[in-house]
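Everything below concerns the one structure shown next.
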Amino acid sequence: MIATIGRHRAGMFGVLLMVVVATIAVLAPVLAPGGPEAGVLRDRLLPPVFAGGSWDHPLGTDRAGRDLLVRIVWGSRTTLWIAIAATVGGGLVGIVAGVVAGWYGRWVDLILGRLADIQQAIPFVILAMAVVAVVGPSLLNLILVLGLASWLFTYRVVRGDMLAARERPWVEAARALGIGDRRILWRQVLPNVLPSIVVVLTLFVPQTILFSAGLSFLGLGVPPPTPEWGRMIADGADYLRTEWWLTLMPSLALIVTVLGITLVGDWVRDLGDPLLRLLRSAAPATDEMGKTDA
Amino acid sequence: MPRSAVGFVLRRLAYQGVVLVGVAFLVHVLILLSADPAQALLPPTTSPEAVEAFRRAQGWDQPLPVQFATFLGRAVQGDFGTSIRFGQPALAVVLERVPATLTLGLTGLAVGLAIAFPLGSLAALRRGTWADGAVRGFAVLGASVPGFVLGQVLILVVAVGLRALPVSGGGSVAHLVLPGLVVGIASTPGLIRILRASLLEVYGRDYIRTAFAKGLSPRAVLLRHALRNAAIPVVSFLAFDIAALLSGVVIVERVFAYPGMGSLAVQAISGRDLPVIQAFVFVAALTIVTTNLLLDVAYTRLDPRIRGRR
């Protein structure tokens, strides 16, 4: 009981963090109308307010004289846009692949399954490095590469759900009534599994953000001058011993964002389970989501 | 090992071999994504004849199936071509860095397990208390702090405060402390979650009640019965987690300028040294496949149902 209340409070805190970050991302053009790429070279590496700087640049400036706070504010747009595009894009591919493999099975399942196994044998960051090495770093390429991670994850979950659904008594009953395969899929099965897929995808968003920042940190993400937190952290590393805020401030932004979404994801999963059970009430036996391998 | 277990491991071995061939194929096809590797690799002043000769020497004028067959034949013999930067066989260049990366990865894994087992057990045994809450809070926070951020913070603390440890480079045990810590801490949140959930499930089982009923101390029940059974899902999770661990190692190497194959690959990318990148991906996949096989063997030892299956 104590744990439930604790989780509830943590979830609300996560919602608060997410709302703050999303608001900042949406309002970036209002909050920092000058844009993230404007800088005065004469004002390079100015200290933040707490280290003796002025309120003109509350968090100081980077090595190109660009305001750090402004870049962090605009960076939220880059981060959220990449995370949403990669998760939704890869997720859609994964859902279609998972449905086809799990519901129709046979050779499609065989081929997709082998492909997934081969991809899974390569650690994601290493696969992404190889792809970017060949196609070059760009915003679009980063989103496509991150989509590789979310398609695999979604595919595995959806395929498992489909295999389980195929064996359900009410699907068998629908078959016995002479209802077509495609109609059963669209009317009975998909409405039952889609809510859980959405929850699972939400849980994957923080992972996508961390991957994206990691690749940008390696210099394989968004090319400069677009503001991106991972890249800013890497750039700040050169000045770590003196201007440590150049690294720490974008790091905090990254941590707060990931933490917020993680807390909300956990909460939704806890809250969502009874909700999912209700939505699936047609099904006599509901598999635990956790059982599907990820 | 009984014969059934040998059969199980052999079947897995055969399948992992198929996966490796697939990886070799993928690595080869990847090159075709770039517009024209010959153009990209050679200086712009190269004459068209020289470009053509280079292309022929690399085999890029052949049809795709022929190229792949040649590539696969060479890959089996450990030949991924010559590194453009080092002028040595690409595989040798990568293999030279493998021990450093492997040492870091295993150190990280050991640190991760050493943190996760006590904390996960504590959270499960003191479920619902402040200790459980603290451990879970640590897990959530740990999952939100990327390794490269934690690494920078440690460098800052050590560089400003302690000055006792080297913050970059490799080659000694002292060089392993900070990167090993970062890789280890990064892998704890997942391990703690799985272990806690798994222990809670095991503690509801009849054989635990039996163990308590026959008078065993809580400590003996945990060590002799509960942890052993709760470890099976942890092993499954490790199979999935090893890839994440290796991804983390690559990034952490960059943070600490640690001379492993991750640092090598980052250099290879900026120098467009494609043979080295191909060999790097293949060696990484080989590591994962080998680990999976070792974990399969671990299953047969942990789970009597697999050991005794006929």
**Request:** Give, rounded to the nearest 20 debye, the magnitude of the charge dipole that segment A:175-271 has about its Cα centre when Lys and Arg contribute +1 at Cβ and Asp and Glu contribute -1 at Cβ.
**Result:** 680 debye
**Rel. contact order, % - alpha carbon contacts under 8 angstrom, at least six apart, segment B:132-214** = 34 percent
**Item:** Mean accessible surface per residue for chain B, computed with a 1.4 Å probe while every protein chain stays in place, in Å²
**Value:** 48 Å²
**Complete:** In whole percent, the fraction of accessible protein surface over chain A that belongs to carbon or sulfur atoms, probe radius 1.4 Å, stands at 68 percent
**Message:** How would segment A:141-198 be classified by its alpha-carbon gyration tensor: rounded, prolate or oblate, with rounded meaning a/c under 1.5 and the a/b versus b/c comparison settling the rest?
**Reply:** prolate
**Item:** Highest to lowest packing among A:91-104, B:276-289, scored as the average C-beta count within 10 Å
**Value:** B:276-289, A:91-104
**Request:** Extending each Cα 7 Å along its Cβ direction at B:Leu200 and A:Leu16, get the distance between those two points in nm, one decimal.
**Result:** 2.5 nm
**Prompt:** With each label point set 7 Å from Cα along the Cα-Cβ vector, what nm distance links B:Arg11 and A:Arg182?
**Reply:** 3.7 nm
**Asked** Summing -39500 (n - 2.57) over the DSSP H runs of n ≥ 4 in the protein assembly as shown and dividing by its residue number, what mean residue ellipticity at 222 nm do you reach, to the nearest 500 deg cm²/dmol?
**Response** -24500 deg cm²/dmol
**Request:** Could you list which residues have their amide H under 5 Å from that of B:Thr82, counting only those 5 or more apart in sequence or on another chain, with H placed in the peptide plane?
**Result:** B:Ala90
**Asked** For chain B, with only Lys/Arg (+1) and Asp/Glu (-1) charged at the beta-carbon, what is the dipole magnitude about the Cα centre, in debye rounded to 20?
**Response** 1740 debye
**Asked** In peptide B:242-250, how many Cβ atoms from other protein chains are near each Cβ within 10 Å, on average?
**Response** 5
**Only Lys, Arg (+1) and Asp, Glu (-1) charged, at Cβ; segment A:1-158 dipole about Cα centre in debye** = 220 debye
**Message:** Need one value for B:138-148: mean number of C-beta atoms belonging to other chains within 10 Å of its residues' C-beta atoms.
**Reply:** 6
**Message:** Averaged across B:232-241, how many Cβ atoms of other chains sit within 10 Å of each residue's Cβ atom?
**Reply:** 1
**Request:** Would you pull out the residues with amide H under 5 Å of B:Leu216's amide H, same chain only if 5 or more places away, H placed 1.01 Å from N?
**Result:** none
**Message:** List the chymotrypsin sites (Phe, Trp or Tyr not before Pro) within segment A:49-91 that DSSP assigns to loop and that have no more than 16 neighbouring Cβ atoms inside 10 Å.
**Reply:** A:Trp55
**Complete:** Of the residues A:Gly53, A:Pro169, A:Val199, the Cα lying farthest along the dipole of chain A towards its positive end, which is defined by charges on the beta carbon of Lys, Arg, Asp and Glu, belongs to A:Pro169
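The values are calculated or read from the model by the stated rules, or taken from the named source; none is laboratory data. On a predicted model such as this, the values are computed, not experimentally measured, just so you know. Heads up, the Cβs are rebuilt from the backbone with ideal geometry, glycines too, and the neighbour counts pull from every protein chain shown. Keep in mind that these areas ignore ligands, DNA and RNA; they rest on the heavy atoms of the full protein, side chains included. Shrake-Rupley method; radii C 1.70, N 1.55, O 1.52, S 1.80 Å.
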